[in-house]
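What follows is a single structure, written as structure tokens, with notes after it.
FYI, it's all coordinate maths here, none of it is from the lab. Model, not experiment: these values are computed from the prediction. Methodologically, a virtual Cβ is constructed for each residue, glycine included, from the backbone with ideal geometry; neighbour enumeration extends over all protein chains shown.
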Amino acid sequence: KRITDRVRDSLDEKQILQTAVQELTEALNVRGSNTSLYDLEQGTSTIYYEFTTLPSDRGRVSQMESFPEVYHQLLEGQYLQFCSIAPNPVRGLVSMLACAILDDRGVLGDLWLINDKDHGFSEYEIRLVQQVANQCAIAIRQARLYQESQSQVRELEQVNNLKDDFLSTVSHELRTPVTSMRVALQLLGVTLTQERGLKEELTKPLAEQGRIARYYGILKEECEREISLINDLLDLQRLDVGNHELAPQTIQIHEWLPALVSSFQERATSRQQQLKVTLAHDLPVMLSDLSSLDRIWAELLNNACKYTPPGGDIILSVVSTDDTTLTFNLVNTGVEIPREELPRIFDKFYRVPSADPWKQGGTGLGLALVQKLVQHIDGVIKVTSGQRQTCFTIELPLSIMPRAADG
């Protein structure tokens, strides 16, 4: 059992086979042993590992068709033992036991034991070698499957890195022209205000606006959307490679958070949503990265307003969990994320299907960015959803240390 356990403990094919020959040689006190792997397409058997006091045969390749009396039995999954009739030039006269390494998918190779010419292998020894050979087959299959999976993981990582590099390059290339478009639109807005009264026209309900005002509004909205997408992509790329500074500063929760939420109050009211902030009275001062916190809560509150239907509640609460942690909960009612979608909501470009009652659209980058920023300030984010409400919970340390951007 010790031998088979040691064989199956490894996911390294080399270690599996080397362990098998060494353990068998020492346990059965034979002169040596070796193991070969088969190439059935080429019809060859190659000795890869051995443990022996005899001259080495490692690397020797045998053509199976040259020894049909041996390999026919082994390929059928049978063992064989025999004594040499004529002295081998290197080994002399020896006795040998050969056992196939096979499983239900076929023969992978063989195990050979070599001993003195007058030694006959007992039933116990044969059963032991067969058992070790069977365990080798299982372990080799597992090792090869593991290596294949690791290779696939590396390929996927490479593809993912190429995708990120492409997005980063495209984002940098697009940033300048889109910024130029924004400046041109601002100048156009000034000109149209002076000549056509655009500013006053834009204050009217959309249905009452003239064509120029509507077209200008569409251009400006889409331009801002593209700029937001580019900035999100660049921020994600910086966070992925660690090129994002961490600059802690003292934050009074009772002052900072209500001011941030107030900028969403008008939007929530216009949509008949109730936006509330509940803060525990004894909240301590926080030492964290303010720009990251602002971005996190701007994204989450924007999502809450986007996905909460009329008459729904949006409630942000903060409590001190212990002496080192603050817990933030953002709950919005009237909306529920399907259970099967929850594991994917932090993926880049993923959007929950048919969950936007206001039909605003989006890029699917907001929550991916939120998760990266939370991790950047040493926090943890979780989401739960059910009974027509969704809750984002963020646990943040009361204090973090400054970090410079990599590179």
Quiz prompt | Charge dipole magnitude, Cβ of K and R +1, D and E -1 - the chain, Cα centre, debye nearest 20 | solution = 1000
Quiz prompt | Lysine pairs with alpha-carbon atoms under 23 Å apart, the chain, spacing 8 or more or separate chains | solution = 19
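Would you calculate, for the chain, the mean residue ellipticity at 222 nm contributed by helices, counting each DSSP H stretch of 4 or more residues as -39,500 (n - 2.57) and dividing by all residues, to the nearest 500?
Values: 10 runs with 186 residues, N = 407.
It comes out at -15500 deg cm²/dmol, rounded to the nearest 500.
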Quiz item: Taking square-rooted eigenvalues a ≥ b ≥ c of the alpha carbon gyration tensor, is region 269-314 rounded, prolate or oblate, where a/c under 1.5 means rounded and, failing that, a/b exceeding b/c means prolate?
Solution: oblate
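Equivalent ellipsoid semi-axes for the chain, as square roots of 5 times the alpha carbon gyration tensor eigenvalues: give them largest first, rounded to whole Å. It would help to have the intermediate numbers written out before the result.
On the way: eigenvalues 1021, 131, 76 Å².
Equivalent-ellipsoid dimensions as semi-axes: 71, 26, 20 Å.
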Quiz item: Gap in Å between the Cα centre of region 103-125 and the Cα centre of region 146-188?
Solution: 57
Practice problem: Using only Cα atoms, figure out Rg for region 56-191 and give it as a multiple of 2.2 N^0.38 Å. | Solution: 2.21
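Sequence gap at least 6, Cα distance under 8 Å: using those rules, report the relative contact order of the chain to the nearest whole percent.
Numbers: 628 pairs, mean separation 44.9, N = 407.
Dividing the mean separation by the residue count of the chain yields 11 percent.
Can you check how the C-alpha radius of gyration of region 155-241 compares to 2.2 N^0.38 Å, as a plain ratio?
Numbers: Rg = 17.9 Å, N = 87, 2.2 N^0.38 = 12.0 Å.
For region 155-241, the normalised Cα radius of gyration comes out at 1.49.
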Quiz item: What is the log10 of I(q)/I(0) for region 1-129, computed with the Debye formula using one identical point scatterer on each Cα and no solvent, at q = 0.17, 0.22 Å⁻¹?
Solution: -0.92, -1.61
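Restricting to DSSP loop positions (anything but H, G, I, E, B) with no more than 14 other Cβ atoms inside 10 Å of their own Cβ, which trypsin sites (Lys or Arg not before Pro) remain in region 11-85?
On the way: sites: K14, R31, R58, R60; in loops: R31, R58, R60.
Filter output for region 11-85: R58, R60.
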Practice problem: Sticking with the crude label model, points 7 Å out along Cα→Cβ, report the distance from S228 to Q42 in nm, one decimal please. | Solution: 6.0
Exercise. Could you run the Debye sum over the Cα atoms of region 248-397, one equal point scatterer each and no solvent, and tell me log10 of I(q)/I(0) at q = 0.11, 0.17 Å⁻¹, two decimals?
Key: -0.40, -0.99
Practice problem: Mind putting a number on the dipole of region 248-397 about its Cα centre? Charges go on the C-beta only, +1 for Lys and Arg and -1 for Asp and Glu, and I need it in Debye to the nearest 20. | Solution: 660
Quiz item: Cα axis of helix 13-28 to longest principal axis of the chain: angle in degrees, 0 to 90, nearest 10?
Solution: 30
Practice problem: Putting +1 on Lys and Arg Cβ atoms and -1 on Asp and Glu Cβ atoms, find which of Y48, G311, P248 reaches farthest to the positive end of the dipole of the chain. | Solution: G311
Exercise. About the Cα centre of region 155-241, how large is the charge dipole given +1 on each Lys and Arg Cβ and -1 on each Asp and Glu Cβ? Please answer in debye to the nearest 20.
Key: 620
